[in-house]
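See structure below.
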Amino acid sequence: MANIKDIAKMANVSVTTVSRVLNNHPYVSQEKRNAVLQAIEKSNYQKNYNAVHLSTGKTFLIGVVLPYSNHPYFGLLVEGIANEALTLNYNIVLIQTNYDKNRELEALDMLKHKQIDALIICSRICDWDTLKHYSSYGSITLCEDTRGRNLSSTFIDHYESFFTALEFLASKGHSKIGYCIGRTSGTNSTQRESAYRDFLQKYNHPYEVHYIFNNCLFLEDGEQVIKEIKKMTDPPTAILVTSDQVAAGMVTCCHKENISIPNKLALIGFDNQPIAKLMAITTMEIPLVQMGRNLVIQATNSKDTTYDQFKSRLIERETV
């Protein structure tokens, strides 16, 4: 394959002149420009973009770390990320981790080795010290509350949103309330647990460990939760579900099992995904597409550390 020196020799010009033509530099005579273009066409020369990236110091690539590519929550985030990246002439590189720390470290190494210009972590597994170390190599932006740390973030207050949903259930007469969660670790999960414990303390309700359901991420997990509830002698009358997908699975299973919603079991989902609208599920709306867009704006503005909080809102439908 021809290189830039070959083109210069074929066109009988200097390497500098070829470089100027390739980069649309204005100060090249039309005669020399035509000679270079003819040599490029004749040799089928392809521009080496890796060399261009090395010369400019930019790849125009943003790494996006997410645990699952097939989960609607992350799908909506990525929709916003991809749209804003397109607007700013960036491309994105998706890195699915399945919450495997080594996969997340591989993404961080991509930032270290300048294979990407910035890294957005939608949900992390690495500790803060690790992220702090890698932040010296480039921009790292997270989708969780990082206030007090020198890392930009776009987030909602999960304590506030969880407490708001719990208070709404209490206003409807519920005292035996449980919740479903994807995982117990992570900043967002910790905030939700704190809200739940504070709510129980405020109303002097007991903490029932069997009312808490972990590893709930997909539709089928909701069906499993209902099967567990059916086995209980004193089941909860209401459940907060941190994914509309899981809530939809619960609604489907309740219909099969003749469990009346909301009379026997009330449900509040999270995110306001399309399935929640379709199945009339009461939910806490999180503006995930807008948050995704904001993550890209922060990631490409590496000079400033910013903390941008978005608001959730309760959308009442037919499951409470």
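Every read-out reported here was derived from the displayed coordinates using simple, explicitly stated rules and does not represent laboratory data. Here the structure is a predicted model, which is why all the values come from computation and not from measurement. No Cβ is skipped: glycine too gets one built from the backbone with ideal geometry, and neighbour counts run over all protein chains shown.
Using the average count of surrounding beta-carbon atoms within 10 Å as a protection proxy, the listed peptides 119-132, 219-232, 304-317 rank, highest first, as 119-132, 219-232, 304-317. A simple spin-label model places pseudo-atoms 7 Å from Cα toward Cβ; at ASP308 and VAL209 they are separated by 4.2 nm. Normalised by 2.2 N^0.38 Å, where N is the number of residues, the C-alpha radius of gyration of segment 171-214 stands at 1.16. Available extension along the chain between GLU160 and LYS264 is 34.8 nm, counting 0.36 nm per residue and deducting the alpha carbon span.
Rounded to two decimals, what is Rg over Rh for the chain when you use alpha-carbon atoms and the Kirkwood radius? Mind showing how you got there, number by number?
Working: Rg = 26.1 Å, Rh = 22.4 Å.
With Rh from the inverse mean 1/r over Cα pairs, Rg/Rh is 1.16.
For LYS132 and GLN290 in the same chain, what is the full-extension length gain: residue separation times 0.36 nm, less their Cα-Cα distance, in nm?
The LYS132-GLN290 span can extend by a further 54.3 nm.
Here the 3J(HN,Hα) profile of segment 100-105, calculated from phi with Karplus coefficients 6.51, -1.76 and 1.60 at θ = phi - 60°, is 8, 4, 5, 5, 5, 5 Hz, Gly and Pro shown as x. What's the long-distance tail for segment 4-47, i.e. % of Cα pairs beyond 17 Å? So the portion of pairs separated by more than 17 Å is 14 percent. Between TYR211, TYR45, TYR134, the residue with the greatest mean-square fluctuation in the GNM of the chain (Cα pairs under 10 Å linked by springs) is TYR45.
Counting only DSSP beta bridges whose two residues both lie in the chain, roughly 10 percent are antiparallel. Once both labels are positioned 7 Å from their Cα atoms along Cα-to-Cβ, the gap between LEU94 and ASN3 label points is 3.7 nm. In order along segment 311-320, the Karplus-derived 3J(HN,Hα) couplings, from 6.51 cos²θ - 1.76 cosθ + 1.60 at θ = phi - 60°, round to 9, 9, 8, 7, 10, 8, 10, 10, 9, 10 Hz, and Gly and Pro are given as x. Per-peptide packing, taken as the mean over residues of other Cβ atoms within 10 Å, places 180-191, 286-297 in the sequence 286-297, 180-191 from highest down. From Cα pairs below 8 angstrom and at least 6 apart in sequence, can you work out the relative contact order of the chain, rounded to a whole percent? For the chain, the relative contact order is 17 percent.
Taking θ as phi - 60° and the Karplus parameters 6.51, -1.76 and 1.60, the scalar couplings of segment 112-126 work out to 4, 8, 6, 7, 9, 8, 7, 10, 10, 10, 6, 7, 9, 10, 6 Hz in sequence order, x denoting glycine and proline.
Taking a point 7 Å out from the Cα of GLU106 in the direction of its Cβ, the residues of segment 59-94 whose backbone N falls within less than 18 Å of it are 62-70, 92-94. Modelled spin labels at ASN83 and GLN201, positioned 7 Å past Cα toward Cβ, are 4.0 nm from each other. The Cα atoms of segment 237-320 cover 57, 17, 15 Å along the three principal axes, with the biggest extent listed first.
Shape verdict for segment 158-287, please, from the Cα gyration tensor: rounded (a/c under 1.5), prolate (a/b greater than b/c) or oblate.
Working: a/c = 1.41, a/b = 1.15, b/c = 1.22.
Rounded shape, in that the Cα axes give a/c under 1.5.
Assuming charge only on the beta carbon of Lys and Arg (+1) and of Asp and Glu (-1), the dipole of the chain about its Cα centre is about 960 debye to the nearest 20.
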